[in-house]
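**Student:** Once you've had a glance at the structure underneath, I'll fire off some questions.
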Amino acid sequence: MKQEPTRSLARPLNGLSQAQFNRSLMVAALAGAVLWAASLSSAHAALPETQKQGNVEYVTGGIGLDESQSLKAAEKNYPLSLLFARKLDGKNDYTADVKVVITDAKGATILNATSGGPYMLVKLPEGEYKVSATLDGNEQTRQVSVKGNGSAHAGFEWSAKSTK
């Protein structure tokens, strides 16, 4: 007795043979799996490299949508987040190359670095700190109180000459 080949319950579309249809389904499933895996790792992949100065770890960047979204998502893991912008023609434009100096309550310098973008996330122990940010020779300072991850935020905005 001759045995009939096993048939799939799925019906081939547009005149495709069963083998062609099955192959198309496998390719589509594989492509979907690759896209799904890429979406899971994209936020982590876009986070800038962690830097270390003394006992302080920090990340800085935020140029480009992926990197800025990654830094925003990572804020909850860092006790201090800093944001830098320049006001130009009534709009805030993110800026980079800001010299940042963080000192503790005793006046000791904890961090002396330059931002690689508009965001800087810093891991600091709980305490009171002075953050000085300088752009084009113009210094601004903020007092921050760090109480845990994601607890302290400071924004800095400089005015720029109009281009109009």
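The values are calculated or read from the model by the stated rules, or taken from the named source; none is laboratory data. Not measured: the values here are computed from a predicted model. Cβ coordinates were reconstructed from backbone atoms using ideal geometry, including for glycine residues, and neighbour counts include every protein chain displayed.
**Student:** Does Asp97 qualify as being over 23 Å from the mean Cα position of the chain (by Cα) and among the charged types (D, E, K, R)?
**Tutor:** Here the answer is no, as Asp97 does not meet what is asked.
**Student:** If a residue has to be over 11 Å from Leu80 (Cα atoms) and either touching a residue at least 24 places away in the same chain (Cβ under 8 Å) or of a type in the set (A, V, I, L, M, F, W, C) (or both) to count, how many in the stretch 129-151 make the cut?
**Tutor:** Final tally of qualifying residues: 5.
**Student:** Taking into account only those residues within the stretch 117-164 that are at pLDDT 95 or above and of a type in the set (Lys, Arg), which is nearest to the chain's Cα centre (by Cα)?
**Tutor:** Lys123
**Student:** Follow-up. Could you list, in sequence order, all residues of the stretch 85-113 that are more than 23 Å from Gly127 (Cβ to Cβ) and in a strand (DSSP E or B)?
**Tutor:** Ala85, Arg86, Lys87, Leu88, Lys91, Asn92, Asp93, Tyr94, listed by residue number.
**Student:** Would you point out the residue of the stretch 44-73, among those that are touching a residue at least 60 places away in the same chain (Cβ under 8 Å) and among the β-branched types (Val, Ile, Thr), that is farthest from Tyr119 (Cα to Cα)?
**Tutor:** If we take residues in the stretch 44-73 being touching a residue at least 60 places away in the same chain (Cβ under 8 Å) and among the β-branched types (Val, Ile, Thr), then Val56 is farthest from Tyr119 (Cα to Cα).
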